[in-house]
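The values are calculated or read from the model by the stated rules, or taken from the named source; none is laboratory data. Just so you know, these numbers come straight off a predicted model, no measurement behind them. Note: ideal-geometry Cβ built from the backbone for every residue, glycine included; neighbour counts use all protein chains shown.
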Amino acid sequence: MMHLLSTVALAALASTASAVVGDWQQCGGMNYAGDTQCATGSGCVVLNEFYSQCQPGAAPAPSTTAAPAPTTSASPTGGTPITTGTPSGTGPGKTLQSGYLWIRAVAAPNFHKYIQTKPLYSPGTALLGDYTTAGQLQVVSGQLVQLVSAPGEPEKLLYANVSEERTINNASLAVTFSTTKNTYGTFKFGGDDLQWSVAGINRPNPSAWYVCTGQALYINLGNYMYQTPSGCADQTIHYYNDKTANA
Ligand SMILES: *[C@@H]1O[C@H](CO)[C@@H](O)[C@H](O)[C@H]1NC(C)=O
Ligand SMILES: *[C@@H]1O[C@H](CO)[C@@H](O)[C@H](O)[C@H]1NC(C)=O
């Protein structure tokens, strides 16, 4: 306990004592209002529109501190993602299609927020968003597959793609949806928990996820509910197979 308390106290001190952003900490991204200057020898690397991070050895980014102007309206509270991009599918609708599942968090601060993509039904960031735009998913042969075509249309699928590059606190992996299959690790359900594992990484909790700025979903390689990075929430995510998603 002493160790935990002193770590927290030190972290608090560090964050008020300096405007320099530490390695692996956030230095930019949509809606980000914090410090943007990385330590000497580190550069601010854009990982996605919501998150830039100080990485040791990275070339300093050009002087822009914010991510490029988004083509979508951000929802700071993480409610409904608003799509203005071109969807690769119309989406399967609000009734669960045979063989598919909703996948959602069941605890605050993302209670009944569901996996979906931004832009909707298109390759892009995996996030937890509103029930009205919930994605329909299943796990097939270790792939997390999202159905993005409408019933009766030729089937269109997206695959959750796990980045091999560690991000946020050097203990998280970004997840995007892509038209090609994932090559890094394996998804499965453990009970109703969505889990991910890969040979060579011994995760203390295979069901641990982070939901961070912009509602983006990350695999948490570290401990659940311990040393949660600023801007992120610990969540487990679970399938739900009622006919419709709900709030
Ligand atoms: C998977 O994610 C990584 C990291 O975000 C990215 O570099 C790669 O292009 C993605 N692969 C596909 C097929 O989208
Ligand atoms: C990130 O974590 C990996 C695995 O634990 C480790 O090998 C690597 O040195 C870490 N990188 C930094 C910069 O801390």
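Annotations for the structure displayed:
- Beta carbons closer than 7 Å, at least 6 apart along the sequence or on distinct chains, pair a first residue in region 207-236 that is of a type in the set (A, V, I, L, M) with a second that is surrounded by fewer than 18 Cβ atoms within 10 Å (Cβ to Cβ) and in a strand (DSSP E or B) for L221/I201.
- Any chance L173 is touching a residue at least 40 places away in the same chain (Cβ under 8 Å), under 20 Å from W102 (Cα atoms) and in a strand (DSSP E or B): no
- Candidate set: region 111-120, residues that are buried (at least 22 other Cβ atoms within 10 Å of the Cβ) and in contact with a strand residue (DSSP E or B) (Cβ under 8 Å, 6 or more places away or on another chain); chosen: the one farthest from Y159 (Cα to Cα): K113
- Test: residue in region 188-195 that is within 16 Å of ligand 1 (Cβ to nearest atom), under 24 Å from Y51 (Cβ atoms) and buried (at least 20 other Cβ atoms within 10 Å of the Cβ): no
- Some residue of region 163-172 being of a type in the set (V, I, T), within 16 Å of ligand 2 (Cβ to nearest atom) and within 18 Å of the chain's Cα centre (by Cα): yes
- Any chance P154 is in the same structural domain as G200 (by TED's automatic domain parsing), farther than 23 Å from A208 by Cβ and within 11 Å of ligand 1 (Cβ to nearest atom): no
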